[in-house]
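Enquirer: Before I ask anything, let me first share the structure, which is written out below as structure tokens.
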Amino acid sequence: MEEYENIYVEEDARVAFITIDRPEKLNALNRATIAELHEAFEDCDQDPDIRAIVITGSGEKAFVAGADISEFSDFSVREGSALAAKGQSLLFDYVEQLSTPVIAAINGFALGGGLELAMACHLRVASSNAKMGLPEVSLGVIPGYGGTQRLPQLVGKGKALEMIVTAGMIDAEEAKSWGLVNHVVAPDELSAFCESLAQKISKNSPVAIAAAIRAVNSGFKYDEDGFKTEIEIFGKCFGTEDFKEGTTAFLKKRKAEFPGK
Ligand code: COA
């Protein structure tokens with residue numbers, strides 16, 4: 001595994017664990033961290049043995065407390081849009097479109113870019129002490145890493161606008177009632193819970209999982225017809241080794257052993 005400065009990556013039985021490791025800055029996303037995360041996600045996605053990824057923040061206080069404010073406080077209009085465009089393509093859109101499912105283990109504050117990162121992941125699990133919000137308008141900007149788009153997709157326009165324009169935070173239980181997180185667990189159970197979810201995923205066909213992610217994402221793209229994409233990708237599954245293995249194993253009453261990505 002590659003060595004990084006701001007993150008570390010561990011592997012256990014087909015699951016990769018990526019930890020953002022700047023606890024003294026509440027794991028705020030600076031440029032270097034975003035670049036390292038891109039590399040780590042790419043490596044994990046290309047590794048045929050990695051079937052699911054869990055991402056979390058180090059320390060007990062924060063998942064990620066946002067983009068690193070110290071890096072952009074003197075930016076111009078041009079630099080501001082470049083920051084958002086680069087971040088979205090390197091990390092946020094990249095994670096959403098990854099073939100390998102990513103679980104956000106939200107272990108504390110997930111604010112601004114932190115919540116946007118969690119929302120780009122495929123599943124979200126929060127510890128009961130987590131706090132979530134998009135405080136950007138309190139700084140004179142708007143969410144720039146996909147927050148204005150993904151939050152309404154997850155919780156509906158009304159709740160999304162309330163969170164964005166108040167710049168307020170909600171706790172884990174409220175986030176669950178909004179549909180923003182899938183599960184809430186005790187802080188000391190977060191890691192094990194996410195690992196068991198990841199292990200469950202890892203037993204299924206990685207080829208079909210990648211196809212399912214692609215089909216679901218397609219429905220949220222204005223220039224694509226999600227139903228058409230589903231038909232096309234459904235058909236393609238019939239030509240895969242994983243489909244042969246999955247159906248043969250079922251008919252022979254044995255467990256499927258999928259060949260890999
Ligand atoms: N960017 C850069 N540094 C950040 C940061 C961010 N988004 N969030 C926290 N930090 C740094 C603080 O500056 C501080 O560094 P210092 O010790 O060198 O001064 C350190 O992390 C600890 O944060 P601190 O504010 O002292 O902790 P707290 O417990 O008092 O408050 C928060 C926690 C999360 C409420 C507070 O840090 C905060 O509001 N952060 C910014 C959240 C935000 O607006 N994010 C959106 C950015 S677009």
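Enquirer: Can you name the residue in the range 52-85 that is β-branched (Val, Ile, Thr) and either open to solvent by 40 Å² or more (accessible area, probe 1.4 Å) or assigned to a helix (DSSP H, G or I) (or both) and is also nearest to GLU39 (Cα to Cα) among such residues?
Expert: ILE69
Enquirer: If you check ILE20 against the conditions, is it within 19 Å of the chain's Cα centre (by Cα) and either open to solvent by 40 Å² or more (accessible area, probe 1.4 Å) or touching a residue at least 24 places away in the same chain (Cβ under 8 Å) (or both)?
Expert: The answer is yes for ILE20.
Enquirer: While we're here: Kindly indicate which of ASP68, ASP74, ASP43, ASP12 is more than 16 Å from the ligand (Cβ to nearest atom), over 21 Å from PHE193 (Cα atoms) and not β-branched (Val, Ile, Thr).
Expert: The match here is ASP43.
Enquirer: On to the next question. Give the residue, chosen from VAL95, VAL64, VAL77, that is among the β-branched types (Val, Ile, Thr) and either free of Cβ contacts under 8 Å to residues at least 12 places away in the same chain or outside the structural domain of GLY140 (by TED's automatic domain parsing) (or both).
Expert: The conditions single out VAL77.
Enquirer: Of all helices (runs of 4 or more DSSP H) completely enclosed by the range 156-216, which ones contain at least 1 residues that are closer than 30 Å to GLY260 by Cβ and without any contact (Cβ under 8 Å) to a residue 60 or more places away in the chain?
Expert: In the range 156-216, the matching helices (runs of 4 or more DSSP H) lie at 190-202.
Enquirer: Something else: What number of residues in the range 163-176 are open to solvent by 40 Å² or more (accessible area, probe 1.4 Å) and under 13 Å from MET132 (Cα atoms)?
Expert: 6
Enquirer: Those residues that are open to solvent by less than 40 Å² (accessible area, probe 1.4 Å) and either of a type in the set (Lys, Arg) or away from the ligand (no atom under 16 Å from the Cβ) (or both), I need them from the range 23-37; list them, please.
Expert: The one that is open to solvent by less than 40 Å² (accessible area, probe 1.4 Å) and either of a type in the set (Lys, Arg) or away from the ligand (no atom under 16 Å from the Cβ) (or both): GLU36.
Enquirer: Same structure, new question: Got a sec? Which of ASP49, ASP43 is modelled with pLDDT under 95, open to solvent by 60 Å² or more (accessible area, probe 1.4 Å) and out of contact with any Cys (no Cβ under 6 Å at 6 or more places or on another chain)?
Expert: ASP49
Here is a yes/no grid of residues against (1) crowded, with 16+ Cβ neighbours inside 10 Å; (2) at pLDDT below 95; (3) farther than 30 Å from THR19 by Cα; (4) of a type outside the set (A, V, I, L, M):
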residue: VAL184; (1), (2), (3), (4): yes, no, no, no
residue: LEU197; (1), (2), (3), (4): yes, no, no, no
residue: VAL216; (1), (2), (3), (4): no, no, no, no
residue: PHE227; (1), (2), (3), (4): no, no, yes, yes
residue: LYS236; (1), (2), (3), (4): no, no, yes, yes
residue: LYS252; (1), (2), (3), (4): no, no, yes, yes
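The values are calculated or read from the model by the stated rules, or taken from the named source; none is laboratory data. Note that the structure is a prediction, hence the values are computed from the model and not measured. FYI the Cβ positions are ideal-geometry reconstructions off the backbone, even for glycines, and counts take in every protein chain you see. Remember, those area values only see protein heavy atoms, side chains included, never the ligands or the DNA or RNA. Shrake-Rupley method; radii C 1.70, N 1.55, O 1.52, S 1.80 Å.
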